[in-house]
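What follows is one structure encoded as structure tokens, with my remarks underneath.
All of the numbers you see were taken from the coordinates with simple rules; none came from a lab. For clarity, every value in this text was computed on a predicted model and none was experimentally measured. With ideal geometry, Cβ positions are generated from the backbone for all residues, glycine too; neighbour counts draw on all protein chains shown.
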Amino acid sequence: MQQLHTQILQSKMRGLFVLLSVLFFLCVTSIAEAATLQLNPSTGSYSAGQTFTAAVRVQPAGKNINAVEATLKYDPALITVVSIGKEGSAFSLWTVEPTFSNSAGTITFGGGSPSPFSAASNLISVTFRAVKEGSAAVSFSSASVLAADGLGTDVYQTSGPATFTVAAASTPTPTPVTPKPAPTTETPKPENSEEALIFGDPPRAPEIGSPAFLDPEIWYSNTEGLFTWTLPYDVNVLAAEISTSSENVPSENEDAVIDPPVSEFRITKDIITDGVQYLSIQFKNQVGWGATLNRKLQIDTTPPEIFTLKVQTGTTPSSFPVLTFAANDVTSGVDFYELTIADKEPFRVTPDEAKLGYLLRDLEDGTYTIKVVAFDKAGNKRESTAPVLITAGWIKPVEAAEETSVWDYLTPTNLFIFFLIVVVILQLIYIWYERKQIKMKEEKLRRETREVQDQMEKIFSALRDEIYDQVNMITKRKRLSKSEKEAVEGLNQALEVSETLIEKEINDVKAILK
């Protein structure tokens, strides 16, 4: 019976081993293609008040991806975000514009790329300011990395947190000055006795950021936004204004001075105009006015000028016409065009391609409506349409159905999947066969057990009757010796014990075969 149990367990273990092997292979394959997110650098030591920059980086691990969305968490009591940059990003499209909140301690962004990529790439850069002494952790609270497989499969696996150490800011110690002997003549009293206690340096240029105007080199069509910054502990006055000069000094304008200082500046349509302007900000402490920051603002709220489409007919009856167009935008310039022919999908045309002319081709005879939309660098657009007559005599060719053969499906991947399926099917057949054989053996064993039980009952019944007859004959004698009495009692006990033990063994066999 022990051997039968061992065979059953071995059969089940073989089936389980094969299934676990297949699952392990699939899991390893999945993990090998998983993408990760991390900050670079992920560690560093900085003093309170110091700024530093870290890049959010994606590691596709060989998988083609085209979109990432993520939310990062940090402790605003230890570090704050100054600005977010998109320079050098692998993304050109932004589904969620990069933003930050120093009150909630979050950074959020979402972007995509028209061209899939599989190499490690930077997504955004974040400039932090160290605020208070401690260990500041920056982690990903949620994230998704989408594969460029047409299904938007999320291949995100894990992210690497970053830890930045903030040390206490060092306070400069004033250099002691040995006083000179006072002259005998009367010494005039200084106009301001506090001048002798002033030490240190003027403030550095401010570092500012705005969710509405993230990149100073990009044109924007919106005229509302908020710039924020962190005030150093020693700043007691600031000056801020909008100017048209990159060398403006706002402290020279009394109307620009703000006392007490604030930590934000709101942009409205009343204070800016179309074109290149600068937000000038300057801090002042007990030493004096510091360096000036002139942050560029490029605003364009006007669409390109009205333009016309010119159609140049072909030189021969079978040639297609050429379409030329050129829009003008005096502020930011034309970025690109979207060309739509009849009800077809629109496609992009560069300004250089538009000047050279676009050849209309692969169109059957008839009149088509051509629509061109000009976009400037701030996203403003102007539309122009024109009818075009096609008489080239072109006929759309009949597309022949592509013939496929069995050999086209014999790829390495398909062969491997087929092999796994065959292995699993054979294993299932083997398990079914083994179970059937075991059931047959069990049924045969049950039958033999019943026969043994029947035979044993008959044998013991006959033996019991014979022994009882002999015992009765002996006990009929009037006097039995002590040894004869012991023999009779021994026979009865042996008979009862033997019957009990054999009955127990038969019941054990029946219990195992259930």
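Key figures for this structure:
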| quantity | calculated |
| --- | --- |
| Region 361-481 - Kirkwood radius from inverse mean 1/r over Cα pairs (Å) | 26.5 Å |
| Beta bridges per DSSP with both ends in region 35-167, % antiparallel, nearest 5 | 85 percent |
| For region 310-390, average projected area of the Cα convex hull in nm² | 5.3 nm² |
| Volume per residue of the C-alpha convex hull in region 35-167, rounded to whole Å³ | 88 Å³ |
| Per-bin percent of Cα-Cα distances, region 100-158 [5 Å] | 4, 11, 21, 22, 15, 12, 8, 4, 2, 0 |
| Debye intensity ratio in log₁₀ form over the Cα atoms of region 201-299, taken at each q of 0.10, 0.15, 0.17, 0.23 Å⁻¹ | -0.25, -0.55, -0.70, -1.23 |
| Between region 143-164 and region 266-316, the Cα center-to-center distance that results, in Å | 36 Å |
| Where Rh is the Kirkwood radius over Cα pairs, Rg/Rh for region 285-419 | 1.31 |
| Qualifying GluC sites (Glu not before Pro) for region 289-393 [loop in DSSP, other Cβ within 10 Å: at most 15] | GLU305, GLU364 |
| Percent antiparallel among DSSP beta bridges (both partners in region 201-299, rounded to 5) | 90 percent |
| Segment ASN236-LYS269, length gained on full extension (0.36 nm per residue, minus Cα span) | 9.0 nm |
| Theoretical gain in end-to-end length, ALA212 to ASP75 [0.36 nm per residue, Cα-Cα removed] | 47.0 nm |
| Region 404-496: trypsin sites (Lys or Arg not before Pro) in DSSP coil with no more than 15 other Cβ atoms inside 10 Å | LYS476, ARG477, LYS478, ARG479 |
| Cβ crowding within 10 Å averaged over residues, with 207-214, 404-411 ranked highest first | 207-214, 404-411 |
| Distance (nanometres) between label positions extended 7 Å along Cα→Cβ at GLU505 and ILE306 | 11.3 nm |
| Label-to-label distance, nm, for residues given as ASN492 and GLU224 (7 Å Cα→Cβ offset) | 11.1 nm |
| Loop-located trypsin sites (Lys or Arg not before Pro) in region 310-363 whose Cβ has at most 10 other Cβ within 10 Å (DSSP) | LYS344 |
